[in-house]
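Here the structure comes first, spelled out in C-alpha coordinates, and everything after it is commentary.
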Amino acid sequence: MAEADAGVLDVAVIGGGQAGLAAGYFLRRTALRFAILDEGAAPGGAWRQGWESLTLFSPAAWSSLPGWAMPPAAEGGNPSRDDVLAYLAAYEARYALPVRRPVRVGALRRVAEGLRLEGAGVTARAVISATGTWSHPFIPDIPGRDSFRGVQMHSAQYRRPQDFAGQHVLVVGGGNSGAQILAELSRHATVTWVTERPPVFLPDDVDGRVLFERATARWQAQLEGRPPPEALGGLGNIVAVPAVREARTRGVFAHSLRPFARLEAEAAIWADGKRIPADAIIWCTGFRPALGHLAPLGLQDPEGHVAVGPEGQALAEPRLWLLGYGDWTGMASATLAGVTRAARGVVQGVVRALA
(Lines give C-alpha, C1' and ligand atoms only; values in the text may rest on other atoms or scores of the structure.)
Protein backbone atom coordinates (compact mmCIF):
# COMPACT_ATOMS: atom_id res chain seq x y z
CA MET A 1 0.00 0.00 0.00
CA ALA A 2 1.39 3.40 -0.94
CA GLU A 3 1.58 6.26 1.51
CA ALA A 4 -1.55 8.40 1.53
CA ASP A 5 -1.77 11.24 -1.00
CA ALA A 6 -3.52 14.58 -0.56
CA GLY A 7 -7.31 14.59 -0.41
CA VAL A 8 -9.71 12.58 1.73
CA LEU A 9 -8.00 9.74 3.57
CA ASP A 10 -9.71 6.50 4.44
CA VAL A 11 -8.21 6.61 7.96
CA ALA A 12 -6.34 9.20 10.00
CA VAL A 13 -4.62 8.06 13.18
CA ILE A 14 -4.05 10.85 15.70
CA GLY A 15 -0.96 10.08 17.76
CA GLY A 16 2.32 8.41 16.83
CA GLY A 17 3.09 6.70 20.14
CA GLN A 18 2.76 3.00 20.88
CA ALA A 19 -1.01 2.87 20.24
CA GLY A 20 -0.78 4.78 16.97
CA LEU A 21 2.05 2.57 15.72
CA ALA A 22 0.16 -0.61 16.65
CA ALA A 23 -2.85 0.65 14.71
CA GLY A 24 -0.52 1.49 11.81
CA TYR A 25 0.84 -2.06 11.77
CA PHE A 26 -2.62 -3.51 11.22
CA LEU A 27 -3.67 -0.77 8.78
CA ARG A 28 -0.58 -1.59 6.68
CA ARG A 29 -2.17 -4.99 6.07
CA THR A 30 -5.27 -3.46 4.50
CA ALA A 31 -5.93 -1.56 1.27
CA LEU A 32 -6.95 1.57 3.17
CA ARG A 33 -5.22 4.91 2.58
CA PHE A 34 -4.07 6.19 5.94
CA ALA A 35 -1.69 8.51 7.73
CA ILE A 36 -0.48 8.75 11.31
CA LEU A 37 -0.40 12.34 12.58
CA ASP A 38 2.01 12.91 15.46
CA GLU A 39 2.60 16.21 17.25
CA GLY A 40 6.03 15.10 18.49
CA ALA A 41 9.18 16.22 16.74
CA ALA A 42 10.63 12.67 16.74
CA PRO A 43 9.49 9.07 17.31
CA GLY A 44 8.71 7.76 20.77
CA GLY A 45 5.43 9.32 21.82
CA ALA A 46 5.06 9.83 25.57
CA TRP A 47 8.22 7.84 26.25
CA ARG A 48 10.23 10.88 25.16
CA GLN A 49 8.92 12.69 28.24
CA GLY A 50 9.60 9.97 30.82
CA TRP A 51 12.17 10.50 33.55
CA GLU A 52 15.71 9.41 32.79
CA SER A 53 15.81 6.27 34.95
CA LEU A 54 12.36 5.00 33.99
CA THR A 55 12.31 1.25 33.35
CA LEU A 56 9.57 -1.15 32.31
CA PHE A 57 7.91 -3.64 34.64
CA SER A 58 8.59 -6.51 32.25
CA PRO A 59 11.32 -8.08 30.12
CA ALA A 60 11.53 -7.01 26.49
CA ALA A 61 9.73 -10.14 25.29
CA TRP A 62 6.64 -9.03 27.22
CA SER A 63 6.83 -5.39 26.14
CA SER A 64 6.45 -5.64 22.39
CA LEU A 65 4.19 -4.23 19.70
CA PRO A 66 2.61 -6.50 17.06
CA GLY A 67 4.84 -8.16 14.52
CA TRP A 68 8.27 -7.54 16.02
CA ALA A 69 9.60 -8.37 19.48
CA MET A 70 11.48 -5.68 21.33
CA PRO A 71 15.23 -6.53 21.39
CA PRO A 72 16.69 -7.46 24.79
CA ALA A 73 17.62 -4.50 26.97
CA ALA A 74 21.02 -3.02 26.22
CA GLU A 75 22.14 -3.22 29.86
CA GLY A 76 20.33 -6.44 30.73
CA GLY A 77 17.24 -6.63 32.91
CA ASN A 78 14.06 -4.85 31.90
CA PRO A 79 14.17 -2.26 29.11
CA SER A 80 14.93 1.34 30.01
CA ARG A 81 13.24 4.46 28.67
CA ASP A 82 16.03 4.79 26.09
CA ASP A 83 15.59 1.16 25.02
CA VAL A 84 11.88 1.81 24.40
CA LEU A 85 12.62 4.98 22.44
CA ALA A 86 15.07 3.14 20.19
CA TYR A 87 12.57 0.31 19.68
CA LEU A 88 9.68 2.61 18.74
CA ALA A 89 11.83 4.55 16.25
CA ALA A 90 13.06 1.32 14.67
CA TYR A 91 9.53 -0.12 14.61
CA GLU A 92 8.22 2.92 12.75
CA ALA A 93 11.00 2.57 10.16
CA ARG A 94 10.76 -1.23 9.92
CA TYR A 95 7.14 -1.09 8.75
CA ALA A 96 7.54 2.17 6.79
CA LEU A 97 4.59 3.64 8.65
CA PRO A 98 3.31 6.88 7.09
CA VAL A 99 3.90 9.17 10.07
CA ARG A 100 3.60 12.92 9.54
CA ARG A 101 5.22 15.11 12.19
CA PRO A 102 5.10 17.49 13.82
CA VAL A 103 1.36 17.80 13.24
CA ARG A 104 -0.99 18.92 15.98
CA VAL A 105 -4.68 18.20 15.49
CA GLY A 106 -6.56 21.00 17.21
CA ALA A 107 -10.11 19.76 16.72
CA LEU A 108 -12.30 17.30 14.87
CA ARG A 109 -15.27 18.63 12.92
CA ARG A 110 -18.05 16.73 11.21
CA VAL A 111 -18.15 17.34 7.45
CA ALA A 112 -19.94 15.61 4.60
CA GLU A 113 -16.88 13.53 3.64
CA GLY A 114 -16.17 12.34 7.18
CA LEU A 115 -14.24 14.10 9.94
CA ARG A 116 -12.10 17.18 9.34
CA LEU A 117 -8.88 17.32 11.38
CA GLU A 118 -8.21 21.00 11.98
CA GLY A 119 -4.55 21.92 12.11
CA ALA A 120 -3.58 18.95 9.97
CA GLY A 121 -5.25 19.91 6.69
CA VAL A 122 -6.75 16.43 6.53
CA THR A 123 -10.23 14.96 6.18
CA ALA A 124 -10.78 11.25 6.81
CA ARG A 125 -13.64 8.82 6.44
CA ALA A 126 -12.60 7.30 9.76
CA VAL A 127 -10.42 8.55 12.59
CA ILE A 128 -8.55 6.55 15.23
CA SER A 129 -7.74 8.74 18.22
CA ALA A 130 -4.61 7.42 19.97
CA THR A 131 -3.33 10.48 21.83
CA GLY A 132 -2.95 8.72 25.18
CA THR A 133 -2.95 10.54 28.51
CA TRP A 134 0.59 11.84 29.10
CA SER A 135 -0.12 15.33 27.76
CA HIS A 136 -3.04 15.72 30.18
CA PRO A 137 -1.56 15.30 33.69
CA PHE A 138 -3.90 15.60 36.66
CA ILE A 139 -3.09 17.65 39.78
CA PRO A 140 -5.73 17.89 42.51
CA ASP A 141 -7.09 21.32 43.34
CA ILE A 142 -5.59 21.70 46.83
CA PRO A 143 -6.37 24.94 48.70
CA GLY A 144 -3.36 27.24 48.62
CA ARG A 145 -1.63 25.47 45.75
CA ASP A 146 -1.12 28.74 43.88
CA SER A 147 0.47 30.35 46.92
CA PHE A 148 3.21 27.72 47.34
CA ARG A 149 6.53 29.36 46.41
CA GLY A 150 8.55 26.22 45.89
CA VAL A 151 8.83 24.10 42.77
CA GLN A 152 5.75 22.15 41.75
CA MET A 153 5.79 19.62 38.93
CA HIS A 154 3.87 16.59 37.81
CA SER A 155 5.67 13.30 37.32
CA ALA A 156 5.28 13.99 33.59
CA GLN A 157 7.81 16.83 33.96
CA TYR A 158 10.18 15.10 36.41
CA ARG A 159 13.56 14.15 34.92
CA ARG A 160 16.30 13.38 37.47
CA PRO A 161 16.80 13.31 41.27
CA GLN A 162 19.94 15.47 41.20
CA ASP A 163 17.75 18.47 40.43
CA PHE A 164 16.48 18.29 44.02
CA ALA A 165 19.75 17.61 45.85
CA GLY A 166 19.66 18.85 49.44
CA GLN A 167 16.00 19.87 49.30
CA HIS A 168 12.93 18.69 51.18
CA VAL A 169 10.53 17.19 48.65
CA LEU A 170 6.94 16.04 49.04
CA VAL A 171 6.14 13.15 46.70
CA VAL A 172 2.38 12.96 46.35
CA GLY A 173 0.91 9.72 45.01
CA GLY A 174 0.99 6.08 46.04
CA GLY A 175 1.25 4.39 42.66
CA ASN A 176 4.19 3.09 40.68
CA SER A 177 5.42 6.52 39.59
CA GLY A 178 5.36 7.82 43.15
CA ALA A 179 7.24 4.80 44.47
CA GLN A 180 9.91 4.83 41.76
CA ILE A 181 10.52 8.57 42.00
CA LEU A 182 10.61 8.44 45.79
CA ALA A 183 13.12 5.58 45.63
CA GLU A 184 15.72 7.54 43.67
CA LEU A 185 15.00 10.91 45.26
CA SER A 186 15.67 9.44 48.69
CA ARG A 187 19.40 9.26 47.86
CA HIS A 188 19.62 12.98 47.08
CA ALA A 189 16.96 14.76 49.12
CA THR A 190 14.85 14.61 52.27
CA VAL A 191 11.57 13.11 51.14
CA THR A 192 8.06 12.81 52.56
CA TRP A 193 5.64 10.41 50.90
CA VAL A 194 2.00 11.51 50.76
CA THR A 195 -0.51 8.84 49.71
CA GLU A 196 -4.30 8.61 49.65
CA ARG A 197 -4.14 5.32 51.55
CA PRO A 198 -1.36 3.13 52.95
CA PRO A 199 0.68 1.89 49.96
CA VAL A 200 0.71 -1.85 49.30
CA PHE A 201 3.33 -3.59 47.17
CA LEU A 202 2.80 -6.55 44.87
CA PRO A 203 4.87 -9.66 45.61
CA ASP A 204 8.43 -9.46 44.29
CA ASP A 205 7.78 -12.13 41.65
CA VAL A 206 4.87 -10.22 40.10
CA ASP A 207 5.83 -8.09 37.11
CA GLY A 208 4.17 -6.73 34.02
CA ARG A 209 4.04 -10.19 32.47
CA VAL A 210 1.87 -11.50 35.31
CA LEU A 211 -0.30 -8.37 35.24
CA PHE A 212 -0.85 -8.79 31.51
CA GLU A 213 -1.79 -12.45 31.96
CA ARG A 214 -4.33 -11.46 34.60
CA ALA A 215 -5.73 -8.76 32.33
CA THR A 216 -6.02 -11.32 29.53
CA ALA A 217 -7.91 -13.69 31.83
CA ARG A 218 -10.35 -10.90 32.75
CA TRP A 219 -10.83 -10.06 29.07
CA GLN A 220 -11.50 -13.71 28.20
CA ALA A 221 -14.01 -13.99 31.04
CA GLN A 222 -15.86 -10.94 29.73
CA LEU A 223 -16.05 -12.43 26.24
CA GLU A 224 -17.46 -15.67 27.63
CA GLY A 225 -19.85 -14.03 30.06
CA ARG A 226 -18.12 -15.47 33.11
CA PRO A 227 -17.34 -13.68 36.37
CA PRO A 228 -13.82 -12.21 36.21
CA PRO A 229 -11.09 -14.14 38.05
CA GLU A 230 -9.77 -12.72 41.30
CA ALA A 231 -7.70 -9.64 40.52
CA LEU A 232 -4.29 -8.83 41.91
CA GLY A 233 -5.58 -5.53 43.22
CA GLY A 234 -6.23 -7.04 46.63
CA LEU A 235 -2.54 -7.92 46.95
CA GLY A 236 -1.23 -4.46 46.19
CA ASN A 237 -0.76 -2.02 43.36
CA ILE A 238 2.95 -1.13 43.29
CA VAL A 239 5.28 -3.33 41.25
CA ALA A 240 8.50 -4.09 43.15
CA VAL A 241 11.00 -3.34 40.38
CA PRO A 242 14.68 -3.60 41.40
CA ALA A 243 15.06 0.08 42.31
CA VAL A 244 11.97 -0.09 44.50
CA ARG A 245 13.17 -3.27 46.21
CA GLU A 246 16.52 -1.64 46.94
CA ALA A 247 14.85 1.43 48.44
CA ARG A 248 12.60 -0.81 50.51
CA THR A 249 15.63 -2.41 52.15
CA ARG A 250 16.72 1.11 53.19
CA GLY A 251 13.37 1.71 54.83
CA VAL A 252 12.34 4.42 52.36
CA PHE A 253 8.73 3.17 52.20
CA ALA A 254 8.30 2.48 55.89
CA HIS A 255 6.04 5.48 56.45
CA SER A 256 3.66 7.60 54.43
CA LEU A 257 1.28 10.39 55.37
CA ARG A 258 -2.32 10.83 54.29
CA PRO A 259 -3.02 13.89 52.08
CA PHE A 260 -2.46 17.38 53.50
CA ALA A 261 -5.38 19.81 53.75
CA ARG A 262 -3.78 22.89 52.21
CA LEU A 263 -0.56 24.56 51.14
CA GLU A 264 1.14 27.70 52.36
CA ALA A 265 4.04 29.61 50.80
CA GLU A 266 6.70 27.25 52.15
CA ALA A 267 4.89 24.29 53.71
CA ALA A 268 2.09 21.76 53.59
CA ILE A 269 -0.50 21.85 56.38
CA TRP A 270 -2.53 18.85 57.57
CA ALA A 271 -6.03 18.98 59.06
CA ASP A 272 -4.67 18.31 62.55
CA GLY A 273 -2.31 21.30 62.29
CA LYS A 274 0.79 19.32 61.36
CA ARG A 275 3.11 21.47 59.25
CA ILE A 276 5.97 20.20 57.05
CA PRO A 277 8.20 22.71 55.25
CA ALA A 278 8.94 21.85 51.63
CA ASP A 279 11.11 23.14 48.82
CA ALA A 280 9.33 21.16 46.12
CA ILE A 281 6.28 19.02 45.43
CA ILE A 282 6.19 16.28 42.81
CA TRP A 283 2.61 15.33 41.96
CA CYS A 284 2.46 11.64 40.97
CA THR A 285 -1.30 11.85 40.71
CA GLY A 286 -2.05 10.31 37.37
CA PHE A 287 -3.42 11.47 34.06
CA ARG A 288 -6.67 12.04 32.25
CA PRO A 289 -7.42 11.16 28.60
CA ALA A 290 -5.94 13.76 26.23
CA LEU A 291 -9.12 14.30 24.25
CA GLY A 292 -9.36 18.07 23.86
CA HIS A 293 -9.47 17.64 20.10
CA LEU A 294 -12.81 15.85 20.46
CA ALA A 295 -14.54 18.74 22.24
CA PRO A 296 -16.47 19.99 19.15
CA LEU A 297 -18.08 16.54 18.82
CA GLY A 298 -19.64 16.71 22.28
CA LEU A 299 -18.91 13.08 23.16
CA GLN A 300 -17.19 13.20 26.56
CA ASP A 301 -18.79 12.44 29.91
CA PRO A 302 -17.86 14.29 33.15
CA GLU A 303 -14.92 11.90 33.66
CA GLY A 304 -13.53 12.78 30.24
CA HIS A 305 -14.38 9.37 28.76
CA VAL A 306 -16.26 8.63 25.54
CA ALA A 307 -18.82 5.82 25.36
CA VAL A 308 -17.39 3.15 23.04
CA GLY A 309 -18.36 -0.27 21.78
CA PRO A 310 -16.34 -3.49 22.15
CA GLU A 311 -13.89 -2.48 19.39
CA GLY A 312 -13.43 1.10 20.56
CA GLN A 313 -15.94 2.69 18.18
CA ALA A 314 -17.57 5.80 19.62
CA LEU A 315 -21.25 5.06 20.09
CA ALA A 316 -22.35 8.60 19.27
CA GLU A 317 -19.94 9.13 16.35
CA PRO A 318 -19.51 5.97 14.25
CA ARG A 319 -16.62 7.48 12.24
CA LEU A 320 -14.43 7.68 15.36
CA TRP A 321 -12.51 4.98 17.24
CA LEU A 322 -10.51 5.39 20.47
CA LEU A 323 -7.42 3.35 21.27
CA GLY A 324 -4.99 3.07 24.16
CA TYR A 325 -6.55 5.27 26.86
CA GLY A 326 -7.05 2.57 29.48
CA ASP A 327 -9.24 -0.45 30.10
CA TRP A 328 -12.35 1.43 28.94
CA THR A 329 -10.87 1.34 25.42
CA GLY A 330 -9.61 -2.24 25.65
CA MET A 331 -8.21 -4.30 28.51
CA ALA A 332 -4.57 -3.27 29.17
CA SER A 333 -4.65 -1.17 25.98
CA ALA A 334 -2.53 1.58 27.56
CA THR A 335 0.46 -0.77 27.80
CA LEU A 336 3.01 -1.92 25.25
CA ALA A 337 2.05 -5.54 25.78
CA GLY A 338 -1.70 -4.97 25.83
CA VAL A 339 -2.25 -2.58 22.94
CA THR A 340 -1.91 -5.26 20.23
CA ARG A 341 -5.25 -6.90 20.96
CA ALA A 342 -7.07 -3.57 21.13
CA ALA A 343 -5.41 -2.22 17.96
CA ARG A 344 -6.33 -5.32 16.01
CA GLY A 345 -9.96 -4.98 17.08
CA VAL A 346 -10.08 -1.29 16.22
CA VAL A 347 -8.69 -1.82 12.73
CA GLN A 348 -11.04 -4.74 12.13
CA GLY A 349 -13.92 -2.47 13.08
CA VAL A 350 -12.69 0.30 10.79
CA VAL A 351 -12.37 -2.10 7.86
CA ARG A 352 -15.92 -3.37 8.33
CA ALA A 353 -17.31 0.15 8.67
CA LEU A 354 -15.61 1.41 5.51
CA ALA A 355 -16.37 -1.64 3.43
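The values are calculated or read from the model by the stated rules, or taken from the named source; none is laboratory data. Computed from a predicted structure; not experimentally measured. What goes into the accessible areas is simple: the full protein's heavy atoms, side chains included, and nothing from ligands, DNA or RNA. Shrake-Rupley method; radii C 1.70, N 1.55, O 1.52, S 1.80 Å.
Over region 75-170, what relative contact order in percent results from Cα pairs under 8 Å that are six or more residues apart? Don't skip to the answer; put the middle values down first.
Values: 45 pairs, mean separation 11.2, N = 96.
Computed value for region 75-170: 12 percent relative contact order.
Calculate, for the chain, the solvent-accessible area per residue in square angstrom, rolling a 1.4 angstrom probe over the heavy atoms of the protein chains.
Values: 16050 Å² over 355 residues.
Per-residue accessible area for the chain comes out at 45 Å².
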message = Need the C-alpha centroid separation for region 20-51 versus region 279-355, integer Å.
response = 15
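Just from its helices, what would the mean residue ellipticity at 222 nm be for the chain, if runs of 4 or more DSSP H residues each count -39500 (n - 2.57) and the sum is divided by every residue, rounded to the nearest 500 deg cm²/dmol? Intermediate values should be presented prior to the final figure.
Details: 6 runs with 75 residues, N = 355.
Helices in the chain give a 222 nm mean residue ellipticity of -6500 deg cm²/dmol.
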ask   = Excluding ligands and nucleic acids, what accessible area in Å² is computed for residue 146 using a 1.4 Å probe, to the nearest 10?
value = 150
request  = Could you run the Karplus curve 6.51 cos²θ - 1.76 cosθ + 1.60 with θ = phi - 60° over region 153-166 and give me ³J(HN,Hα) per residue in whole Hz, x for Gly and Pro?
outcome  = 8, 7, 4, 5, 9, 5, 10, 8, x, 4, 5, 10, 4, x
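Give me the percent of the accessible area of the chain that comes from carbon and sulfur atoms, probe 1.4 Å, all protein chains in place. Don't jump to the answer; show the numbers that get you there.
On the way: 8310 of 16050 Å².
Roughly 52 percent, rounded to a whole number.
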inquiry  = To test your reading of the geometry: what angle, between 0 and 90 degrees and rounded to tens, separates the Cα axis of helix 18-27 from the longest principal axis of the chain?
reply    = 20
inquiry  = To test your reading of the geometry: what angle, between 0 and 90 degrees and rounded to tens, separates the Cα axis of helix 208-224 from the longest principal axis of the chain?
reply    = 50
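With a/c under 1.5 counting as rounded, go ahead and sort region 20-179 into rounded, prolate or oblate using the C-alpha gyration tensor (a ≥ b ≥ c being the square roots of the eigenvalues; past the cut-off, prolate if a/b is larger than b/c, else oblate). Let's see the in-between values first.
Details: a/c = 2.80, a/b = 1.36, b/c = 2.06.
Since a/c reaches 1.5 but b/c is at least a/b, the shape of region 20-179 is classed as oblate.
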